[in-house]
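Nothing in this text is a laboratory measurement; each read-out follows from the coordinates by a stated rule. Everything numeric in this text was worked out from a predicted model, so none of it was measured. Note that each Cβ is placed from the backbone with ideal geometry, even for glycine, and that neighbours are counted across all protein chains shown.
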Amino acid sequence: MTHADLPQALVTGGTIGILGGGQLGRMLSVAAARLGYRTHIYDPGAHPPAGQVAQDVTTAAFDDVAALERFAAMVDIITYEFENIPTRALDLLQDRRPINPGRQALWVSQDRLVEKRFLRDLGLATAPFVPVASPEDLTAALAQVGMPSILKTRRFGYDGKGQARLETGDDYEAAHRSLGHAPCILEALVPFVCEVSVIIARDHLGASRCYDVPRNEHVNGILRRSFVPANVDARVADRSCRAATALADALDYVGVLALEFFVLADGSLLANEFAPRVHNSGHWTPEACATGQFEQHVRAVAGWPLGDVTRFHDVEMANLLGDEALAAPEDLLEDAVLTLYGKRDAKPGRKMGHLVKRLS
Ligand code: AMP
């Protein structure tokens, strides 16, 4: 099949419906506008950041059937910027409009246990893990995984939330209680030398492209900085891209996906998790590459061929959390490109914007 065989790419002026209205939906909307498209944001919250730059906003819960139906009737194609959308919403929408990435990618990524098993079944190594369905399972899991380890809720964890690190002598039951005794996995804490991620885009025809891998620094589970080049061995970068390609192919994925890895001292890679969407560790791509991740995602879901991922600059991307984004703009802007997300409330730890410094 060639692009000529595809149903027509979305026509200029067509509307892309985006489920979720955070900063990712906002940056997707800006990229869509540059390509001549309109966006319609669907978000349960008041004042979603993406609503400031989109043409339409629906404010409704993800289980509001009537609102979902109205939304579907007003858009041409649908994508999402957030993985915790109930798959039931997609079930309803997918009968009405094309949705990319598809339901399976969303479903797998929503549950850490399903996700880790999926990655393993593809032949990708992960940190050792054991499911913890109930407080009774915890003792056996601790004996199996050992210390130090990390207890993670299977669902709804993000930016370090829904996790508890366990050391010898800790009150393990209290840690599980702090996570509401939710179904969890217990994972061995791995002594990685660094973390990298692959941002990959795949089109309707199955062609895919990986950006150069960034090296990512997290603090308290939140991404603080990404550096490109990652300064990892070329073979490590190559293996990570091949792993991401295998994952995207297995999901018959259309759009941008991010796969995160731990790199061990011997150069081996452990896959941690993937996000079926544009990703924070790819926020440097619009400033450094021929085609940024947001445009790339819009191209893929709108049925265009992918853009060139050649990188022209070495970069450092830093997230601005909480009131870091309130620093005088001239200080932030001196030698960097600033993006702010238009969020009203600079709560501690909240992602408010990011800076990209071009180093070459
Ligand atoms: P996650 O929510 O799984 O992406 O975890 C957030 C961050 O916590 C990761 O990016 C790592 O920095 C750290 N982390 C998570 N799991 C592990 C692990 N098994 N071993 C070491 N560090 C981890």
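I'd like to verify a number: residues in region 188-236 that are under 28 Å from Val298 (Cα atoms), β-branched (Val, Ile, Thr) and within 12 Å of the ligand (Cβ to nearest atom), how many?
2
Give the number of residues within region 63-89 that are in contact (Cβ under 8 Å) with a residue 40 or more places away in the chain, surrounded by 17 or more Cβ atoms within 10 Å (Cβ to Cβ) and not in a strand (DSSP E or B).
Here is the first cut: in region 63-89, the ones in contact (Cβ under 8 Å) with a residue 40 or more places away in the chain are 71-72, 74-85, 89.
If we keep only those that are surrounded by 17 or more Cβ atoms within 10 Å (Cβ to Cβ) too, we end up with 71-72, 75-83, 85, 89.
Pick out the ones that are also not in a strand (DSSP E or B) and you get 71-72, 75-76, 81-83, 85, 89.
Looking only at that region, the number is 9.
Take Arg209 and decide whether it is part of a strand (DSSP E or B) and either surrounded by 19 or more Cβ atoms within 10 Å (Cβ to Cβ) or not aliphatic (A, V, I, L, M) (or both).
Yes.
Kindly evaluate Leu247 against the criterion of being assigned to a strand (DSSP E or B) and surrounded by 14 or more Cβ atoms within 10 Å (Cβ to Cβ).
No.
Can you pull out the residues in region 254-300 that are β-branched (Val, Ile, Thr), farther than 19 Å from Glu187 by Cα and more than 16 Å from the chain's Cα centre (by Cα)? Let's see the steps before the verdict.
Residues of region 254-300 β-branched (Val, Ile, Thr): 254, 256, 263, 278, 285, 291, 298.
With the extra rule that they be farther than 19 Å from Glu187 by Cα, the set shrinks to 254, 256, 278, 285, 291, 298.
If the condition is that a residue be β-branched (Val, Ile, Thr), farther than 19 Å from Glu187 by Cα and more than 16 Å from the chain's Cα centre (by Cα), then Thr291 is the only one that fits.
Of all residues in region 18-62, count the ones that are outside any loop (DSSP other than H, G, I, E, B), of a type in the set (Gly, Ala, Ser) and surrounded by 24 or more Cβ atoms within 10 Å (Cβ to Cβ).
So the count comes out to 4.
Residue under question is Leu326, and the condition is that it be surrounded by 17 or more Cβ atoms within 10 Å (Cβ to Cβ) and touching a residue at least 12 places away in the same chain (Cβ under 8 Å); does it hold?
Criteria not met by Leu326.
Quick one: would you say Asp159 is farther than 14 Å from Ala182 by Cβ, out of contact with any Ser or Thr (no Cβ under 7 Å at 6 or more places or on another chain) and in contact (Cβ under 8 Å) with a residue 40 or more places away in the chain?
Values: farther than 14 Å from Ala182 by Cβ: yes; out of contact with any Ser or Thr (no Cβ under 7 Å at 6 or more places or on another chain): yes; in contact (Cβ under 8 Å) with a residue 40 or more places away in the chain: yes.
Yes.
Any chance you could count how many residues in region 113-155 are of a type in the set (Ser, Thr, Tyr), in a loop (DSSP other than H, G, I, E, B) and buried (at least 20 other Cβ atoms within 10 Å of the Cβ)?
Total satisfying the criteria: 1.
Given (1) under 17 Å from the mean Cα position of the chain (by Cα); (2) buried (at least 20 other Cβ atoms within 10 Å of the Cβ), identify the lone condition not met by Arg225.
(2)
Given the conditions (1) in a loop (DSSP other than H, G, I, E, B); (2) charged (D, E, K, R); (3) in contact (Cβ under 8 Å) with a residue 24 or more places away in the chain, report the number of the one that Arg299 does not fulfil.
The number of the failed condition is (1).
Restricting the search to region 264-279, which residues are surrounded by 24 or more Cβ atoms within 10 Å (Cβ to Cβ) and not in a strand (DSSP E or B)?
Selection gives Pro276, Arg277, Val278, His279.
In region 160-187, how many residues are surrounded by fewer than 17 Cβ atoms within 10 Å (Cβ to Cβ) and within 14 Å of the ligand (Cβ to nearest atom)?
Summing the residues that are surrounded by fewer than 17 Cβ atoms within 10 Å (Cβ to Cβ) and within 14 Å of the ligand (Cβ to nearest atom) in region 160-187 gives 4.
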